[in-house]
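First up is the structure itself, then whatever we jot down about it.
Here, each number is a calculation from the coordinates, and none is a lab measurement. Nothing here was measured: the structure is a model prediction, and the numbers come from that model. Neighbour counts run over all protein chains shown; Cβ positions are idealised from the backbone, glycine included.
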Amino acid sequence: MASALTDRLSRLVKTMRGQARITEDNVQDMLREVRMALLEADVALPVVRDFIARVKDKALGAGGASARCRPGQALVGIVNRELAATMGEGVADIDLATQPPAVILMAGLQGAGKTTTTAKLAKHLIEKRKKKVLTVSADVYRPAAIEQLKTVTQQAGAEWFPSTRDQKPRDIARAALDHAQQPLLRRAAGRHRRPPGASTKR
């Protein structure tokens, strides 16, 4: 979505060269490009409508562009600020303060980079957060998805849970979760069986 929006706005800025101020016409041109980029990225229609309305209000409320900022640049700046507000400003770390195992769902359009991002996230959690990571693919619709995840998981140093295309995604997720819980259950059972006063040191 970001690259498509950048391309559209870059073309628009070029066509607006020579214009001295923000007008209703060039705002409408900009909003048309933004709307198309968001819809092509499958952003929900109510979100698109709300976003477009906010950008329009800010753009028309801005009036003429400042002496240091051309109309095209001013409009792009407004879009950028509203995108940041919509998606959440600042950087938030992953909250793993939950009853283990913590589950992270990677969802998105085909070709959006889910597999690569999963590998990068796994590597980060292993190296920086000292966590054990198990990955599983519930994408039974793309022929190579499962094997791709297996390959990048091994490269990241994480554990891979096998799945097959004839399984249902819900069954795959449940099986992987059961597998991840087994070590936790064994440790809990071991603590239960340990006689009172027994040392836990090795």
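Tell me the label-point distance for the pair Arg186, Leu96, using the 7 Å Cα-to-Cβ offset, in nm and rounded to one decimal.
My value for the distance between the label points is 2.0 nm.
For the peptides 95-105, 128-138, 44-54, what is the packing order when you average, over each peptide's residues, the other Cβ atoms within 10 Å and list the highest mean first? Write out the running numbers ahead of the final one.
Numbers: 95-105: 10.2, 128-138: 16.6, 44-54: 13.2.
Listed from highest to lowest mean packing, they are 128-138, 44-54, 95-105.
Beyond 23 Å between alpha-carbons counts as too far, so tell me which of Lys132/Lys168; Lys14/Lys58; Lys114/Lys168 fall in that bin.
Details: Lys132/Lys168 25 Å; Lys14/Lys58 21 Å; Lys114/Lys168 19 Å.
Flagged as over cut-off: Lys132/Lys168.
Report ³J(HN,Hα) in whole Hz for each residue of segment 107-115, in order, from the Karplus equation J = 6.51 cos²θ - 1.76 cosθ + 1.60 where θ = phi - 60°; Gly and Pro get x.
Taking θ as phi minus 60°, the curve returns 10, x, 5, 4, x, 7, x, 4, 5 Hz for segment 107-115.
Under a point spin-label approximation (7 Å from Cα along Cα-to-Cβ), what is the Ala4-Lys120 distance to one decimal in nm?
Modelled inter-label distance: 2.0 nm.
Distance in nm between label sites at Gln73 and Arg129, each 7 Å beyond Cα in the beta-carbon direction?
So the two model labels end up 4.0 nm from each other.
Starting from 0.36 nm per residue, how many nanometres of slack lie between Ala144 and Asp42 once their C-alpha separation is accounted for? Display every interim value, and only then the final one.
Details: separation 102, 0.36 × 102 = 36.72 nm, distance 2.34 nm.
Length gained between Ala144 and Asp42: 34.4 nm.
I need the calculated FRET efficiency for the pair Arg11 and Arg165, taking r as the beta carbon distance and R₀ as 41 Å, to the nearest 0.05. Intermediate values should be presented prior to the final figure.
Details: r = 41 Å, r/R0 = 1.00.
E between Arg11 and Arg165, to the nearest 0.05, is 0.50.
What's the extension gain from Glu24 to Ile104 if we count 0.36 nm per residue and subtract their Cα-Cα distance? Provide the component values of the computation, followed by the final result.
Numbers: separation 80, 0.36 × 80 = 28.80 nm, distance 4.39 nm.
Extra length from Glu24 to Ile104 when fully extended: 24.4 nm.
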